[in-house]
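The values are calculated or read from the model by the stated rules, or taken from the named source; none is laboratory data. Predicted model only: the values in this text are computed from it and were never measured. Virtual Cβ from ideal backbone geometry, glycine too; neighbours counted across all protein chains shown. All accessible areas refer to the heavy atoms of the entire protein, side chains included, with ligands and DNA or RNA removed. Shrake-Rupley method; radii C 1.70, N 1.55, O 1.52, S 1.80 Å.
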Amino acid sequence: MDNRPIGVFDSGVGGLTVVKQIMKVLPNENLVYFGDTARVPYGSKSKETVTKFSEQIIRFLLTKDVKAVVIACNTVSSNCYDDLAKKFENLPIIEVVTPGVESCLKATKNNRVGLIGTNGTVSSGAYERKLKKSKEDISVFKRACSLFVPLAEEGWIDNEVAKLTVKEYLKGLVEKDIDTLILGCTHYPILKAVIGQFVGEKVKIVDPAKATAYKLKECLEKNDIINLSLKEGNRKFYVSDNYAHFDKICETVLKYTCKAEKVDIEKY
Ligand code: DGL
């Protein structure tokens with residue numbers, strides 16, 4: 001029995017889509033979320049910069065006595081996981097790419113899959129490498145959709161601008177006869193309705209968040225650090241800037257009043 005919280009982080013509101021699944025799968029766990037709203041987006045930044053930001057965030061989360069950390073960000077997961085796991089070797093760290101790959105492999109029938117994510121995620125090749133390691137003959141069609149992140153951060157999730165942007169980015173992918181589309185950025189499930197409308201019912205949409213929550217559960221059980229309390233967990237939210245806007249999106253995504261607190265993350 002370990003009632004210390006689990007740390008979860010992302011560049012902004014995207015990781016809330018992962019928190020949503022963690023709250024379903026592990027409702028009794030206490031959570032501490034950090035959204036780096038002062039420095040979003042991560043997807044256009046270098047691996048070195050994103051690694052430095054992630055190290056600061058993990059150091060901050062450790063001051064909250066977290067027992068494990070979930071990198072609720074594909075850009076960090078695909079570029080910095082190995083470095084972070086080495087640096088914080090005694091801390092269980094869960095990333096989102098492996099669960100996304102496993103869900104995709106279960107979903108595809110024709111072995112033609114689409115991957116959308118940030119520039120950082122798509123150009124890292126992490127998804128493709130892992131997919132091909134399990135299924136050599138899989139075809140992966142990739143597209144970085146950089147404008148989806150500001151749309152999600154702005155809360156423009158179903159207006160005409162969102163619809164046009166989705167069409168512009170995804171039209172080339174649907175022409176490739178894909179049967180599965182991986183949402184390789186945790187911001188993108190916020191736009192899932194518009195994405196789903198555009199790609200149509202024949203394309204299965206894979207959001208790695210649910211499988212990530214189950215991976216976390218497995219990890220807590222394996223390390224014997226699961227919280228056995230029957231009480232609903234506490235959730236605490238921190239951001240590096242502009243917290244009123246964050247609260248609004250949190251309300252939409254999680255149906256939860258989060259009252260985020262601002263933290264000077266550069267100090268860590
Ligand atoms: N939500 C993040 C991801 O999954 C980062 C998006 C960004 O900041 O560019 O990649």
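Below 8 Å, C-alpha to C-alpha, sequence gap of six or more: please give me the relative contact order for the stretch 1-153 in percent.
Working: 217 pairs, mean separation 37.4, N = 153.
Worked out over the stretch 1-153, it gives 24 percent.
Cysteines without a disulfide-compatible partner in the chain, using Cβ under 4.7 Å as the rule?
Those would be 73, 80, 104, 145, 185, 219, since no other cysteine Cβ in the chain comes under 4.7 Å of theirs.
Counting Lys and Arg as +1 and Asp and Glu as -1, each charge on the Cβ, what is the dipole of the stretch 168-239 about the Cα centre in debye, to the nearest 20?
260
Kindly flag which residue pairs out of 67/204; 45/86; 210/236; 67/87; 171/202; 20/215 have an alpha-carbon separation exceeding 23 Å in this structure. If you can, show how the numbers build up before the last one.
Numbers: 67/204 34 Å; 45/86 21 Å; 210/236 21 Å; 67/87 16 Å; 171/202 15 Å; 20/215 15 Å.
67/204, as the Cα separations exceed 23 Å there.
What do you get for the angle between helix 97-107 and the principal long axis of the chain? Use alpha-carbon atoms, 0 to 90 degrees, nearest ten.
40
Compute the angle between helix 160-174 and the longest alpha-carbon principal axis of the chain, please, reported from 0 to 90 degrees and rounded to the nearest 10.
60
Out of the GluC sites (Glu not before Pro) in the stretch 129-209, which ones are loop residues according to DSSP with at most 10 other C-beta atoms within 10 Å? Please report the intermediate quantities before stating the final value.
Details: sites: 136, 153, 154, 160, 168, 175, 201; in loops: 136, 175, 201.
Within the stretch 129-209, the qualifying GluC sites (Glu not before Pro) (loop, at most 10 other Cβ atoms within 10 Å) are 136, 175, 201.
For a quick check of your reading of the filter: which trypsin sites (Lys or Arg not before Pro) in the stretch 186-268 sit in a DSSP loop and have no more than 16 other Cβ atoms within 10 Å?
Details: sites: 192, 202, 204, 210, 215, 217, 222, 231, 235, 236, 248, 255, 259, 262, 267; in loops: 202, 231, 255, 259.
Answer by residue number: 202, 231, 255, 259.
Give the long-range amide H neighbours of residue 206: residues separated by 5 or more places, or on another chain, with amide H under 5 Å away, using H modelled in the peptide plane at 1.01 Å from N.
Sorted by chain and number, the residues that satisfy this are 181, 182, 183.
Explain nothing, just the number: dipole magnitude of the stretch 36-141 about its Cα centre with +1 on each Lys and Arg Cβ and -1 on each Asp and Glu Cβ, in debye rounded to the nearest 20.
Values: 17 positive and 12 negative charges, 33 e Å.
Dipole about the Cα centre, nearest 20: 160 debye.
With the full set of protein chains in place, find how many percent of the accessible area of the chain is carbon and sulfur; take the probe as 1.4 Å. Write out the running numbers ahead of the final one.
Numbers: 5970 of 12210 Å².
Within the chain, the accessible surface is 49 percent carbon and sulfur.
Using the alpha carbon gyration tensor of the chain, what are the three equivalent-ellipsoid semi-axes (square root of 5 times each eigenvalue), largest first, in whole Å?
Details: eigenvalues 158, 86, 63 Å².
Rounded to whole Å, the semi-axes are 28, 21, 18.
Compute the length gained on full extension between residue 179 and residue 252: take 0.36 nm times their separation in residues and subtract their Cα-Cα distance, giving the result in nm to one decimal. Could the numbers behind the result be given before it?
On the way: separation 73, 0.36 × 73 = 26.28 nm, distance 2.92 nm.
This chain segment gains 23.4 nm when fully extended.
Determine the dipole magnitude for the chain: charges of +1 sit on the beta-carbon of Lys and Arg, -1 on that of Asp and Glu, nothing else is charged, the reference point is the Cα centre, and the result goes in debye to the nearest 20.
Working: 41 positive and 35 negative charges, 86 e Å.
Charge dipole, the chain, about its Cα centre: 420 debye, nearest 20.
Nearest 10 degrees is fine. How inclined is helix 74-87 to the longest principal axis of the chain, computing both from alpha carbons?
So the inclination is approximately 40 degrees.
Which whole-number percent is the relative contact order of the chain (Cα, under 8 Å, 6+ apart)? Before the final figure, lay out each step's value.
Values: 518 pairs, mean separation 79.0, N = 268.
Once normalised by length, the contact order is 29 percent.
Along the stretch 251-259, what does the Karplus equation 6.51 cos²θ - 1.76 cosθ + 1.60 (θ = phi - 60°) give for ³J(HN,Hα), rounded to whole Hz, x for Gly and Pro?
Calculated HN-Hα couplings, in order: 4, 5, 6, 9, 6, 9, 8, 9, 6 Hz.
Which trypsin sites (Lys or Arg not before Pro) does the stretch 72-143 hold that lie in a coil by DSSP with at most 11 other beta carbons within 10 Å? Show your work: numbers first, answer last.
Values: sites: 86, 87, 106, 109, 112, 129, 130, 132, 133, 135, 142, 143; in loops: 109, 135.
Taking the stretch 72-143 and a limit of 11 other Cβ atoms within 10 Å, the loop trypsin sites (Lys or Arg not before Pro) found are 109.
Under 18 Å from the Cα of residue 163, which aspartates and glutamates turn up, not counting those fewer than eight places away in the same chain?
153, 154, 175, 201
Have a look at 147, 193, 121 and report the one farthest towards the positive end of the charge dipole of the stretch 87-194, computed about the Cα centre with Cβ charges (Lys/Arg +1, Asp/Glu -1).
With unit charges placed on the Cβ atoms, the residue in question is 121.
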